Amino acid sequence: MIQLIYKPSVYKFNTCKEFAEEFNVGKGDLVLSNEYIFKPYFGGLNLPVTTIFQEKFGTGEPTDVMVETIMAEAAKTNYKRIIAVGGGTVVDIAKVLSLRSTGNVDDLYAKIPNLDRDCELVIVPTTCGTGSEATNLSILNRTRLGTKMGLVSNAMYADSAVLIPELLHDLPLGVFATSSIDALVHAVESSLSPKATAYTKLFGYKAIEMILCGYRRIVAAGNTKESRIAESENFLIASNFAGLAFGTAGCATVHAMAYPLGGVFHVAHGESNYVLFTAVLKNYLEIQDAGEIRVLNQYLADLLDCSVETVYDELEKLLNHVLPKKPLHEFGVKKEDLQMFTDSVMKTQGRLLANSFVPLDDARILKIYTEIF
Ligand SMILES: [Fe+2]
């Protein structure tokens with residue numbers, strides 16, 4: 001059984017300038033980024049790189065059409081290395097761009113798992129949640145098929161993951177909140193997964209501690225921009241740790257059940273996870289109050305200075321300071337949608353449900369949706 005997949009070399013720099021110097025960023029590099037990130041942080045360095053700004057090719061989550069248009073644009077230049085500087089969308093597109101391809105996304109899905117790398121890939125995350133710099137997964141909306149699907153291949157691991165805390169300094173509160181809660185969910189889900197190992201739990205539990213202690217310090221300081229800036233490095237590393245943990249042990253039911261909320265009602269990934277988070281944990285506990293969930297609950301109780309009986313309520317109290325949790329109906333979900341969500345999860349999310357702490361049937365999935373309605 002695989003214990004820990006640890007592919008990219010991980011670097012950390014205090015500034016973008018230090019990174020650019022150490023990596024000799026310049027001729028032959030294609031930088032995929034967003035203009036509002038690249039310009040303020042790299043613009044003054046006058047690097048002779050080719051840039052592609054993702055937002056010029058569409059907004060929102062990456063689609064097959066967006067990726068193909070960017071592939072065609074990239075093909076006009078000669079590059080030896082791709083440097084992704086951005087959040088989940090930019091990173092996921094860069095991973096696909098680094099593959100040898102015909103320029104057609106459907107062809108890539110058809111070739112799984114026999115995909116090949118075409119050039120070196122460096123990933124510089126600018127949010128503190130996806131952990132995507134540590135994983136081999138890219139999630140694209142396949143508009144021609146009408147579904148969102150993960151493209152998974154070992155050819156998509158970055159060569160280098162580069163953490164630069166200053167890139168988080170202008171992160172809006174909403175993005176900080178949703179991305180860091182996503183990282184917390186990665187850490188918890190991977191630690192409860194049947195695929196968890198001593199190695200993944202080392203990173204998973206440490207990420208939980210870093211994120212919860214970070215939230216407590218931020219809340220104690222009044223949740224100001226300055227208090228979040230002071231935590232940039234802590235959250236960036238925690239997100240990377242959580243990425244390493246779920247890259248091997250996987251995510252599970254929280255992600256699976258959040259999927260229809262994100263896909264149909266366009267709720268941000270981290271927020272849709274948060275809506276499901278404690279409800280899924282409570283239901284795991286109802287089914288089996290033994291094993292790793294006891295370890296987790298004691299660990300959380302120690303961090304939150306509370307009893308294990310009140311641990312999920314205390315956890316939610318803390319998270320609500322960062323992102324107030326809303327019931328499903330406030331996103332526009334109707335009671336009659338819950339059965340449709342349940343059917344969709346049971347039908348399409350088997351990959352994630354397989355990593356659940358305990359198996360859940362459709363009646364249990366519907367019960368959870370009903371509890372958070
Ligand atoms: Fe996630």
| query | Is one or more of the residues making up region 55-63 buried (at least 21 other Cβ atoms within 10 Å of the Cβ) and modelled with pLDDT under 95? | reply | yes
| task | Test Pro327 against the criterion of being touching a Phe, Trp or Tyr at 6+ places or on another chain (Cβ under 7 Å) and within 16 Å of the ligand (Cβ to nearest atom), and give yes or no. | result | no
| query | With respect to the numbered conditions (1) surrounded by 14 or more Cβ atoms within 10 Å (Cβ to Cβ); (2) under 21 Å from the mean Cα position of the chain (by Cα), which one is the sole condition not fulfilled by Lys326? | reply | (1)
| task | Answer with yes or no whether Arg144 is assigned to a loop (DSSP other than H, G, I, E, B) and either in contact with a Phe, Trp or Tyr (Cβ under 6 Å, 6 or more places away or on another chain) or in contact (Cβ under 8 Å) with a residue 12 or more places away in the chain (or both). | result | yes
| note | Here the qualifying pairs (Cβ atoms under 6 Å; residues six or more apart or on different chains; first in region 211-239 and in the same structural domain as Ala177 (by TED's automatic domain parsing) and at pLDDT 95 or above; second surrounded by fewer than 20 Cβ atoms within 10 Å (Cβ to Cβ) and in a loop (DSSP other than H, G, I, E, B)) come out as Ser227/Ala221; Ile229/His169
| Residue count, region 141-200 (criterion: under 30 Å from Ala290 (Cα atoms) and among the basic types (Lys, Arg)) | 1
| task | State which residue is nearest to Val267 (Cα to Cα) when the search covers only region 318-349 and only residues that are assigned to a loop (DSSP other than H, G, I, E, B) and of a type in the set (A, V, I, L, M). | result | Val333
| Condition check for Asp106: within 16 Å of the ligand (Cβ to nearest atom) and either free of Cβ contacts under 8 Å to residues at least 60 places away in the same chain or not assigned by TED's automatic domain parsing to the domain that holds Leu163 (or both) | no
| message | When you check Thr51 against the structure, is it of a type in the set (Val, Ile, Thr) and either at pLDDT below 95 or part of a helix (DSSP H, G or I) (or both), yes or no? | response | no
| Test result for Leu184, in contact (Cβ under 8 Å) with a residue 24 or more places away in the chain, part of a helix (DSSP H, G or I), over 16 Å from the mean Cα position of the chain (by Cα) and buried (at least 24 other Cβ atoms within 10 Å of the Cβ) | no
| request: State the number of residues belonging to region 4-25 that are loosely packed, with under 13 Cβ neighbours inside 10 Å and assigned to a loop (DSSP other than H, G, I, E, B). | output: 2
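The values are calculated or read from the model by the stated rules, or taken from the named source; none is laboratory data. Quick caveat, the model's predicted, so the values are computed rather than measured. Neighbour counts run over all protein chains shown; Cβ positions are idealised from the backbone, glycine included.
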